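The values are calculated or read from the model by the stated rules, or taken from the named source; none is laboratory data. Keep in mind the model is a prediction, meaning the values are calculated, not measured. A quick note on method: Cβ atoms are made from the backbone with ideal geometry, for glycine too, and the neighbour counts reach across all protein chains shown.
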Amino acid sequence: MSPKPSLLTCPYCETPLYEQKTDFRCARNHTFPLSQKGYVNLLGQTRAGDTAPMLTARRRLLDTSAYLPIAQALANNLIHYLPSTMATLPSRPTMSSGIIDAGCGEGHYLGHIQKILEEISLPIPLACYGFDSSKAAVKLAARRYHSATFFVSNIKQLWNITPATSCPILNVFAPRNFVESAHILQPRGMILTIIPTQKHLHELRNHYHLLQIEPQKEARVYKQANSQFNLSHTEVIEYQQGLTHQQVADVLTMTPNYWHQRATKKTFPNKEHTLPVTISVRSLVFQRQ
């Protein structure tokens, strides 16, 4: 396999990385092996990120379709705004023609998007790329979603992605980096982000004394994006979801509340029934100025 251009730049020298059969490599011979599990580690020594118990709980919950309306709303927004992004793509597919999931976790939302894209007819095929600082998360994602490419990378810092890319960026329940997003996106390039509202899981937050949602979270996101992005669309996705005892335990484990073990000391109100819980998030679509 002859080297082919990728959407990546070298973390060490910032020159382009080229994809080869078994690794990604720059002209200065900095090499990043493609693991047998199907992912690439761009960090070297990885940050801890989400742990295996957190990821297992998250996948188990997401596999129940409890958060399916969120994934569907994300896909609908992507498809709605995709024509404006497709207009910026080259006539032939390149490694910069695709979708980036910044903070992909175990790959659930990117996998859902990929499935939707396979079902619709696009003039140019779009690849899917997932980035996360947790090696455990990336391994889990690569194991299930074989058609996507996953990278261990710290999305809070510099992104090793070629500037002026035409990839839409997904950012679901993950840290946002508008500075790097602005750096790599072409004008009109999209960020589709999901953040929790104050009502999200409020029954569990009250009963288990969980971490609270930052009161000014939405305002802070607008402020971060304001200088280089326009808000194109916003909507609240809110519904009641009955959660079993196991699903409640998974919610407690899959979020940052995992690090606050006092939350799990209270018992489930009634193990014989499901507990109605509010799922409430805000979907935001930003476009690069």
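Taking the conditions (1) closer than 20 Å to A137 by Cα; (2) without any contact (Cβ under 8 Å) to a residue 60 or more places away in the chain in turn, A57 satisfies each one other than (2). Out of T15, T31, T9, T56, one residue alone is touching a Pro at 6+ places or on another chain (Cβ under 8 Å) and either modelled with pLDDT of 90 or more or crowded, with 18+ Cβ neighbours inside 10 Å (or both). It is T9.
Filtering T51, T46 for residues that are surrounded by fewer than 20 Cβ atoms within 10 Å (Cβ to Cβ), at pLDDT below 95 and touching a strand residue (DSSP E or B) at 6+ places or on another chain (Cβ under 7 Å) leaves a single hit, T46. Whether a residue is out of contact with any Cys (no Cβ under 6 Å at 6 or more places or on another chain) and either of a type in the set (F, W, Y) or surrounded by fewer than 22 Cβ atoms within 10 Å (Cβ to Cβ) (or both) was assessed, and V179 passes this test.
Filter the range 59-89 for residues that are of a type in the set (V, I, T) and under 30 Å from R25 (Cβ atoms); which is modelled with the highest pLDDT? Here the answer is T85. Here K199, K223 are screened, and the one residue that is surrounded by fewer than 21 Cβ atoms within 10 Å (Cβ to Cβ), without any contact (Cβ under 8 Å) to a residue 40 or more places away in the chain and farther than 21 Å from L43 by Cβ is K223. If we scan the range 41-60, do we find a residue that is part of a strand (DSSP E or B) and farther than 24 Å from I195 by Cβ? Checking the range 41-60: at least one residue is part of a strand (DSSP E or B) and farther than 24 Å from I195 by Cβ.
Residues in the range 9-53 that are closer than 14 Å to K135 by Cα, polar (S, T, N, Q) and in contact with a Phe, Trp or Tyr (Cβ under 9 Å, 6 or more places away or on another chain): N41, T51.
The residues in the range 100-126 that are of a type in the set (S, T, N, Q) and at pLDDT below 90 can be counted, and the count is 1.
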